[in-house]
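Everything below concerns the one structure shown next.
Read-outs: derived from the displayed coordinates by stated rules, not from any lab. A quick note: this is a predicted structure, and the numbers were derived from the prediction, not measured. Backbone-built Cβ (ideal geometry, glycine too); neighbour counts: all protein chains shown.
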Amino acid sequence: MELLSNLALGMETAFSYDALLYCFIGVSIGTFVGALPGIGPMVTISVALPLTFGLDPTVALIMLAGIFYGAQYGGSITSILLNLPGTASTAVTALDGYPMTKNGRAGLALFINAVASFCGSSLAVLLVMGFAPTIADFALGFNSTEYFSVMLLGLIAACTMSNGSTLKALVMVAFGLVLGIVGLDLNSGVPRFTFGFLGLTEGVSLISIAMGLFGIAEIVTKLAESKNGGSAAEPKVTHVPFRDMLPKRDELRRLWGPILRGTGIGSVIGALPGSGPTVAAFMAYAMEKKVSRTPEKFGTGALEGVAAPEAANNASVQAAFIPTLSLGIPGDVVMAILLGAMIMHGIIPGPQFISAQPAMFWGLIVSFWIGNVMLLILNLPLIGLLVKIITVPARILYPVVIFFICIGSYSVANNVLDVFVTLVFGLVGYLLLRLNYNAAPVLLGFILGPMMEENLRRSLVISRGDLTVFLDRPVSVGLLLVCLLLLLMPLRKPLMRYIRMAGQR
Amino acid sequence: MIRKNDLSEVLFAFVIIAFGLFLVYSGIDLSIGKMSRIGPGFLPLCLGVIITVLGIGILFERQEKHLDIPPNIRGLALITLAIGAFAALVETTGLFPATAALVILTALANHERIRPLTLLGTIIGLCVVGYLLFVAALQLPFKPISPDLISWFTGTN
């Protein structure tokens, strides 16, 4: 069977000494920063990215991906024990996890968290295995017009499905596309928007953009918060004995439903562009409350309220790899950074990725499982340590993060200019944050921009400048129609109101 | 009545429109090419038009509610100084002075008090980690302390 031989190939890659070591390093770092409020997986991956330049690309990706899903585990632990979500996507877990801690059932909450996370992840990895190669096979037949339309849909869906103003999100995507243009145009040899800086002919570095827009902007915001006396709470629990963790038999039976439903919601949400683990967790929680026979127990320490969102956010994190690996289209910012990492390591993302790099794809998949097992084992005994880590005071944490941001942006090209570019993006990021602009779409635009321009150029060369070439093939027409629908969706409500008012007149 | 927040939103919408128009201008400047052979300015021009239109849209959009936290100008200024100082110092005076400047300025940006000993510990810790990880392992071309700086201090040339 093909699947078996693929899996064998994946195991060969993922069980190599290097892969295991870096998988372990990745998930450990992930758990660590996931638990730290203030720095998320995104900043960590950007900082770690230059460190992986010397590694084999597969190993590098295994480690970077490990940081991402490891952070989900770490974040939930602090949500449960301290009511302090280390990562946004685990905020929902605190709703019932923290009350459980207050009721003296912290051990059980942590156990449910670990098991639900593990189940959610592993089931979603199965979906990645099933869907990613199939979608990629289908997309291999795409010509440049269809590929352009897929990417356009990816961008527009990410804008319209995220919360907040669609117009603002679209401006951010366009801004990202402009950033992708910066540098030497490969077709004409003309430098674009380099403003005379030699260091910009290669383009703006992804790391500068990510660390500036998210890292620096975030820290400046957090600095203001700590001023208002938001220091970390003292943990009540520092040691959780293992026998406190095991659920009773009837409790165990109650968990399967929420875990499976959470996984389902998480997988769908994760595979769609625009809404990541945070949305998935919220939706799973809301759904669980709706189907529950005892909805009044939610918020006071319901087991289901921990299990469902945890399964959902971990499933969505894994499912997000489906569009990323099969089409080369990132669904959210972290995926955009991982795609950027692939590009920096000289791997071309897109439908051909799986067939061109089978060892890498299947190795990555198998490493997800290995990583999740590691997390499961790692997490339980290390809880005490993690609780100590998150009480690292901000006054030490922030200089450390800023230091890594600076030296990380320098190390991309050994150029001081990149540090200044990061700083500029930090200032821009803070401004955008203040004005309610979500900077996430910038990165999506930045990653997809150059590929979109190339496909647009190719399409127009083939059609000799005829724009109707985009309406020649059914797939492209369908995709563009969905784009149009998504764009018109925000207009639906005002339009209805207008019609109603016109009717009354 | 225009609230202060609305004013900044409106101003920023104008910034967006100006940015869009700048793109249109530079797109034409870079040469648009023909439809069958688009030039380097084609995409900037398109994006410029899109951004301008979106900017006008935002101008008329009803604004959402804002955060009530006042802007952290002091933090922003000091972080800017910290990163700027690191960038300016790291190749001229070496990694250690640059790290020290960065840590001190970042600590100043924070409103929490920090004990001098903790500050010193953080600086030394980061210098060691930075040296081992980035200079020894990753071979970044940093000197721990630039020889020029040492000779400047000791007065020898």
Mean separation of Cα contacts under 8 Å (at least 6 apart) over the residue count of region B:73-154, i.e. the relative contact order in percent, is 34 percent
Short to long, in 10 Å steps from zero, the percent of alpha-carbon pairs of region A:71-203 per bin is 10, 20, 22, 25, 16, 6, 1
Working note, region A:1-77: Cα radius of gyration (Å, one decimal) and Dmax (Å, whole number) are 13.7, 46
Calculated from DSSP helices alone, with each H run of at least 4 adding -39500 (n - 2.57) and the total divided by the residues of chain A, [θ]222 nm to the nearest 500 comes to -24500 deg cm²/dmol
Across chain A, qualifying lysine pairs (alpha carbons under 17 Å, at least 8 places apart or different chains) come out at 4
Quick shape summary for region B:4-60, equivalent ellipsoid via Cα gyration tensor, semi-axes whole Å in descending order, reads 28, 9, 5
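Can you bin region A:434-503 into rounded, prolate or oblate? Criterion: square roots of the alpha carbon gyration tensor eigenvalues sorted a ≥ b ≥ c, rounded for a/c under 1.5, prolate for a/b above b/c, oblate for the rest.
Judged from the Cα gyration tensor, region A:434-503 comes out oblate (a/c at least 1.5, b/c at or above a/b).
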Within the under-14-Å Cβ sphere about B:L119, not counting B:L119, Lys/Arg +1 and Asp/Glu -1 give a net charge of +2
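Just round it to a whole percent: the fraction of Cα-Cα distances in region A:292-394 exceeding 20 Å.
Summing the P(r) tail past 20 Å for region A:292-394 gives 59 percent.
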For chain B the mean separation of alpha carbon contacts under 8 Å (6+ apart) over residue count, i.e. relative contact order in percent, is 17 percent
Per-residue Cβ contact counts at 10 Å, fewest first, order A:Y498, A:Y17, A:Y22, A:Y147 as A:Y17, A:Y498, A:Y22, A:Y147
Amide H contacts under 5 Å for B:G33, restricted to residues at least 5 apart in sequence or on another chain and with H modeled in the peptide plane, are B:G39
Of all C-alpha pairs within the protein assembly as shown, those more than 36 angstrom apart amount in percent to 41 percent
Treating only Lys and Arg (+1) and Asp and Glu (-1) as charged, each at its beta carbon, one finds that chain A has a dipole about its Cα centre, in Debye to the nearest 20, of 1820 debye
Relative contact order in percent for chain A (Cα pairs under 8 Å, 6+ apart) equals 28 percent
The local net charge around A:M63, scoring Lys/Arg +1 and Asp/Glu -1 for residues other than A:M63 whose Cβ lies under 14 Å from its Cβ, equals -2
Stokes-Einstein D for region A:354-481 (4 °C, 1.567 mPa s, Kirkwood Rh from Cα pairs), in µm²/s, comes to 63 µm²/s
Percent of all Cα-Cα pairs per 5 Å bin for region A:338-394, counting from 0 up to the last occupied bin, reads 4, 15, 14, 16, 11, 12, 12, 10, 5, 1
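Counting only other residues whose beta carbon sits under 15 Å from that of A:L481, what net charge do I get with K and R as +1, D and E as -1?
It works out to a net charge of -1.
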One would report the Cα pair-distance distribution of region B:22-153, bin width 5 Å, in %, as 2, 9, 11, 11, 10, 8, 8, 9, 12, 12, 7, 2, 1, 0
Distance in nm between B:L11 and B:L138 label points, each 7 Å along Cα→Cβ, equals 3.7 nm
